[in-house]
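Some notes on the structure that comes next.
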Amino acid sequence: SEEINIVLTPQEENFLAETKTVNPDAYDAYLKGKYYWDQLTLDGLQKSLKYFNLSLEKDNEFAPAYSGIATTYIGLMQMGFTSPSIGIPKIYENTQKALELDPNYSDSHLTSAVMGVWTEWNWEKGESEFLKALELNPNDVMAHAYYAHLLMILLRSEEADHHINIAMELDPLNPLIQSLYGVVLYYKGEYQLSIVEANKAISVVPNHTLAWRVLGLSFHELRDFKNAFNAILIILLIDDETKLSLGKTF
């Protein structure tokens, strides 16, 4: 930074001075966990949990892995794959551990924000933690995307557009970001565009749970009930015989 004449603030200098040595094996397992988490499928979330735990086997003080485990349980709850009685204790335990180990790690604050909004229904805590995550890492793609969802809940659609557009600029080919963008478009009433984004995600991850939910909701609003039904049917964790029976009833 000195050679290219970058001027660092005292906060940035302190942050860089505290940078820890990272075990490459722990980091590699962590990245694999993040990759599978983005699919938001039951299989993907189970694999992400496996890799985050493997990361901790390599380094049991690696804060990102604890944050990853907490986020995985949030995903399992949000997608209906586990109950709050199982998920919530795991979320609190691992989020707290991550923040204790590295209070300046942006993902820990992102996890705390997501927990605040979608587990505690605490908008103020959620917004505060999203802003802290973005202060620590202005290019945190997921923080921008999920903050956009909170802003839609708060009916601040222009701000939501700003943050989801930043996320799309930073990571335009990520199926999860495309699906999250589809959610924002859905809440804006732009159902055809939300279908386009969901289909982009499905072209990469055919069983992407969130993308199929976006399709189901958007088709429903367009009164295309057959496609809405079929979209929801795909993500239901039921056997083929039951699906066939539901199809006949429909």
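The values are calculated or read from the model by the stated rules, or taken from the named source; none is laboratory data. Nothing here was measured: the structure is a model prediction, and the numbers come from that model. Every residue, glycine among them, receives a Cβ derived from its backbone with ideal geometry; neighbour counts consider all protein chains shown. With ligands, DNA and RNA removed, areas are computed over all heavy atoms of the protein, side chains included. Shrake-Rupley method; radii C 1.70, N 1.55, O 1.52, S 1.80 Å.
Of note:
- Pairs over the 32 Å Cα-Cα cut-off, from the set Lys50/Lys125; Lys50/Lys248; Lys34/Lys226; Lys32/Lys226: Lys50/Lys248; Lys34/Lys226; Lys32/Lys226.
- Carbon and sulfur %, accessible surface of the stretch 127-250 computed with the full protein complex present, 1.4 Å: 56
- Most positive-pole-ward Cα, Met77, Pro64, Tyr30, against dipole of the stretch 1-122 from beta carbon charges: Met77
- Pairs from Lys90/Lys200; Lys47/Lys200; Lys47/Lys90; Lys132/Lys188; Lys20/Lys47 whose Cα-Cα separation, in the structure shown, is over 25 Å: Lys90/Lys200; Lys132/Lys188; Lys20/Lys47
- In order along the stretch 135-151, the phi-based Karplus estimate (6.51 cos²θ - 1.76 cosθ + 1.60, θ = phi - 60°) of 3J(HN,Hα) comes to 5, 6, 9, x, 9, 6, 4, 5, 4, 4, 5, 6, 4, 4, 5, 4, 5 Hz; Gly and Pro are listed as x.
- Helix 42-58 vs. the chain, principal-axis angle (Cα, 0 to 90°, nearest 10): 20
- Calculated FRET value between Asn122 and Lys20, using beta carbons and R₀ = 22 Å, to 0.05: 0.15
- J(HN,Hα) series, the stretch 213-218, from Karplus relation 6.51 cos²θ - 1.76 cosθ + 1.60, nearest Hz, glycine and proline x: 5, 4, 4, x, 5, 5
- Sequence-distant contacts, meaning Cα pairs under 8 Å at least 6 residues apart, place the relative contact order of the stretch 168-224 at 35 percent.
- Compared with the dominant Cα axis of the chain, that is its longest principal axis, helix 24-37 is turned about 30°.
- Karplus-derived HN-Hα couplings along the stretch 80-95 (A = 6.51, B = -1.76, C = 1.60, θ = phi - 60°), whole Hz, x at Gly and Pro: x, 8, 8, 8, x, 5, 8, x, 4, x, 5, 5, 4, 4, 7, 5
- Rounded accessible area per residue of the chain, 1.4 Å, Å²: 54
- Sorting 208-218, 165-175, 111-121, 128-138 by their mean Cβ neighbour count within 10 Å, with the most densely packed peptide first, gives 208-218, 111-121, 128-138, 165-175.
- With contacts taken as Cα pairs under 8 Å at a separation of at least 6 residues, the chain carries a relative contact order of 11 percent.
- Computed magnitude of the charge dipole of the chain (debye, nearest 20; Cβ of K, R +1, Cβ of D, E -1): 1220
- Extension gain for Phe250-Glu221 works out to 8.7 nm (0.36 nm per residue, less the C-alpha to C-alpha distance).
- Cα long-axis angle, helix 240-249 against the chain (0 to 90 degrees, to the nearest 10): 50
- Ranking Ile202, Ile234, Ile164 by solvent-accessible area of protein heavy atoms (1.4 Å probe, all protein chains present), from largest to smallest, gives Ile234, Ile202, Ile164.
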